[in-house]
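Participant: What follows is a single structure, and I will ask about it in a moment.
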Amino acid sequence: MERLMVQGGTRLEGRVAAGGSKNAVLPCMAAALLTDEPVVLHRVPDLRDVRTMAQILERLGVRCERDGSTLTLQCTDPSRSEAPYDLVSTMRASICVLGPLVAARGEARVSMPGGCVFGVRPVDQHLKGLNLLGAELRVDGGYLVSQVRRPLKGADMFLGTRFGSSVLATTNVVMGAVLARGLTCIENAAMEPEVSEACRLLNSMGAHISGVGGHKLLVEGVPRLHGAEHVMSGDRIEAATFLVGGAMTRGDVTVTGVDPTQLTVVLETLSEMGAAVDRGQDWLRVRADGPLRPVDITTMAYPGFPTDLQAQFMTALCVADGISVVTERIFPDRFMHVAELLRLGADIRKEGPQAIVKGVPRLSGAIVMASDLRASAALVLAGLLAEGETEIRRVYHIDRGYERIDERLAALGGRVRREAQPKVESTPLDW
Ligand code: EPZ
């Protein structure tokens, strides 16, 4: 077990390159199940989730070879269609092998993704969409099972939850439809850039998807797909994590290799908070030299404010000059970071899907526990703000989505170090 030790009181300053997008690369890797030719992905980040997806694909007969940040995936054995619990339960995104498996092989046995600290995360829209294509998916022994004749059949559908559209359900169903007979029309499709990127890769593999980037996707099925080569786009969530880190430490941070147009509402929020924002074709710079202003944030589906930045921005608001209200509309229970921020001296009152954040003059270092990927990033940023030293435990969460975050923050002047967590000696009892 490792921990991160963060010494507070330093400004983040300098340039950092964004890594490839985690939430785009995972479904793009699963797309390799749709062809027996090589799919070559460049700028693939070295993350725990990428390794988990590679392990699942290897179990499904896809050879995954890595050379630096290039990943070559090729399906060599389509006879294996079981994605096991021990892997799927560690990463919800594993579910996006379901659509390609049913589409390409007419059979799948994929473990239901387990619970999550955000609360119940159903997969009803994945099942609804794929079953409308004729997948006949059913739950059997904790597995989602399908055994049907290929090809699937195109269908019209509305995909939507009470929270709006679903990112992975959209991508899963698109990958189920690309080899189906006839036309599929998906209404209320998610518009996240990661969905569009997966669609662009599929189109470069010979798929016929139109309406990419919008709420209505049309997928004209084709008999087969071929291999392709693709360069992953920069991770917008990782980039904004560094930028808000720069703002809250009154620093000056430039992130390169990111598409500013994917972060419009985030950049507006930073400006409202009083940070100076400059942008170029593929870079962003954020500077702040005083206390940030309070703002109200409501998370929404893209292009609204991303839920994956809620925790990091809440951290910044903990030391803003006033009261902010943070409303979580996508995962109403996504507030695991609040209890840990309170340990650092923040003043936050949670009421249902809202948190009322009253800015305090300073935070003070403490031992805190990471609970999920974005909460752990928020705690690292909080440690940079806090007086004294902050110890963050269970940092394996952060390695799921941020490559070598300690080294990259250190390169920006942050005093962050990774070390082994000493074993806690239990007190022997002579019972
Ligand atoms: C994707 O998860 C991202 N993960 C999440 O990022 C992100 O938080 C989320 O989209 C929202 O932007 C990946 O791309 C790998 P959803 P996904 O389906 O697709 C409900 C991170 O930190 N819902 O869009 O699983 C669901 O419970 C991760 O990188 C249903 O009710 O999210 C949620 O309330 C965390 N039924 C809402 O919809 C369904 O069948 C949106 O979830 C599917 C979803």
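The values are calculated or read from the model by the stated rules, or taken from the named source; none is laboratory data. In this text the structure is predicted, and so the values were computed from the model without any measurement. Positions of Cβ are generated from backbone atoms using ideal geometry, with glycine treated the same way; all protein chains shown enter the neighbour counts. Surface accessibility is based on the protein's heavy atoms, side chains included, excluding ligands, DNA and RNA. Shrake-Rupley method; radii C 1.70, N 1.55, O 1.52, S 1.80 Å.
Participant: Of the peptides 27-40, 216-229, how do they stack up when ordered by the mean number of other Cβ atoms within 10 Å, highest first? The partial results should precede the final answer.
Facilitator: Values: 27-40: 24.5, 216-229: 17.6.
Result, highest mean Cβ count within 10 Å first: 27-40, 216-229.
Participant: If you average the alpha carbon positions of the range 166-189 and of the range 8-48, how far apart do those two centres end up, in angstrom?
Facilitator: After rounding, the separation between the Cα centres reads 23 Å.
Participant: Further question: Apply the a/c threshold of 1.5 to the C-alpha gyration tensor of the range 69-111 and tell me whether it is rounded, prolate or oblate.
Facilitator: The shape class here is oblate.
Participant: Put +1 on the Cβ of each Lys and Arg and -1 on the Cβ of each Asp and Glu in the chain; which of 168, 270, 290 then has its Cα farthest toward the positive end of the dipole?
Facilitator: Looking along the dipole axis, the top candidate is 168.
Participant: Also, quick follow-up: Once neighbouring chains are kept in place and the probe is 1.4 Å, which whole percent of the accessible area of the chain is contributed by carbon and sulfur?
Facilitator: Of all accessible area on the chain, carbon and sulfur atoms account for 50 percent.
Participant: Given a 1.4 angstrom probe, what's the average accessible area per residue across the chain, in square angstrom? Walk me through the intermediate numbers first.
Facilitator: Numbers: 17210 Å² over 431 residues.
With the other protein chains kept in place, the chain gives 40 Å² per residue.
Participant: Right, another one. Once R0 is set to 30 Å, what does the formula 1/(1 + (r/R0)^6) return for the Cβ-Cβ distance between residue 419 and residue 222, expressed as a FRET efficiency to the nearest 0.05? Write down the numbers at each step before the final one.
Facilitator: Working: r = 52 Å, r/R0 = 1.73.
The calculated FRET efficiency here is 0.05.
Participant: What's the FRET efficiency of residue 364 with residue 153 using the Cβ-Cβ distance as r and R₀ = 60 Å, to the nearest 0.05? Intermediate results must be reported in sequence, preceding the final value.
Facilitator: Working: r = 61 Å, r/R0 = 1.02.
So the FRET efficiency works out to roughly 0.50.
Participant: Here is a follow-up. Please turn the phi angles of the range 351-357 into ³J(HN,Hα) values with the Karplus equation 6.51 cos²θ - 1.76 cosθ + 1.60 (θ = phi - 60°), one per residue in order, whole Hz, x for glycine and proline.
Facilitator: So the J values, rounded to whole Hz, are 9, x, x, 10, 10, 9, 9.
Participant: Where does each of 351, 340 land when they are ordered by accessible area, with a 1.4 Å probe and the largest first? Can you show the working numbers first?
Facilitator: Details: 351 90, 340 30 Å².
These residues rank, largest area first, as 351, 340.
Participant: If we sort 76-83, 199-206 on the protection proxy, mean other Cβ atoms within 10 Å, highest first, what's the order?
Facilitator: The packing order, highest mean first, is 199-206, 76-83.
Participant: Still on this structure: For a quick check: with amide H placed at 1.01 Å from N, whose amide H comes under 5 Å from residue 191's, ignoring anything fewer than 5 positions away on the same chain?
Facilitator: The answer is 302.
Participant: Where does helix 236-248 land angle-wise versus the long Cα axis of the chain, in degrees 0 to 90, nearest 10?
Facilitator: 10
Participant: If packing is taken as the average count of other Cβ atoms within 10 Å, what order do 375-386, 139-150, 402-413 fall into, highest mean first?
Facilitator: By packing density, highest mean first, the sequence is 375-386, 402-413, 139-150.
Participant: Taking amide H positions as placed in the peptide plane 1.01 Å from N, state which residues far from residue 15 in sequence (5 or more) or on other chains have amide H under 5 Å from it.
Facilitator: Correct list: 254.
Participant: Can you give me the distance in nm between label points at residue 121 and residue 325, each placed 7 Å from the Cα along the Cα-to-Cβ direction?
Facilitator: Calculated label separation equals 2.8 nm.
Participant: Quick check for me: using +1 on Lys/Arg Cβ and -1 on Asp/Glu Cβ, what's the dipole size of the chain about its Cα centre, in debye to the nearest 20?
Facilitator: In total the dipole reaches around 400 debye.
Participant: Angle check, please: helix 167-177 long axis (alpha carbons) against the longest principal axis of the chain (alpha carbons), in degrees 0 to 90, nearest 10.
Facilitator: Helix 167-177 and the main axis of the chain meet at about 10 degrees.
Participant: Under 13 Å from the Cβ of residue 26, count the other residues' Cβ atoms, weight Lys and Arg +1, Asp and Glu -1, and hand me the total.
Facilitator: Taking every Cβ under 13 Å from that of residue 26, the sum is 0.
Participant: Label-point separation (nm) for residue 13 and residue 426, each offset 7 Å from Cα along Cα-to-Cβ?
Facilitator: Between residue 13 and residue 426, the label points sit 4.9 nm apart.
Participant: Also, I was wondering about something else. Could you give each residue of the range 36-43 its phi-based ³J(HN,Hα) in whole Hz, using Karplus coefficients 6.51, -1.76, 1.60 with θ = phi - 60°, and x for Gly or Pro?
Facilitator: Here the 3J(HN,Hα) series is 9, 9, x, 10, 10, 10, 9, 6 Hz.
Participant: Also: Using a simple charge model, +1 on the beta-carbon of Lys and Arg, -1 on the beta-carbon of Asp and Glu, nothing else, what dipole does the range 281-431 show about its Cα centre, in debye to the nearest 20? It would help to have the intermediate numbers written out before the result.
Facilitator: On the way: 20 positive and 21 negative charges, 47 e Å.
Value, rounded to 20: 220 debye.
Participant: Residue 185 label point, 7 Å along Cα→Cβ, cut-off 16 Å on backbone N: hits in the range 144-159?
Facilitator: 154-159
Participant: From the phi of every residue in the range 150-165, what ³J(HN,Hα) in whole Hz does the Karplus formula 6.51 cos²θ - 1.76 cosθ + 1.60 yield, where θ is phi - 60° and glycine or proline is x?
Facilitator: 7, x, 5, 10, x, 7, 8, 7, 10, 9, x, 10, 5, 9, x, 8
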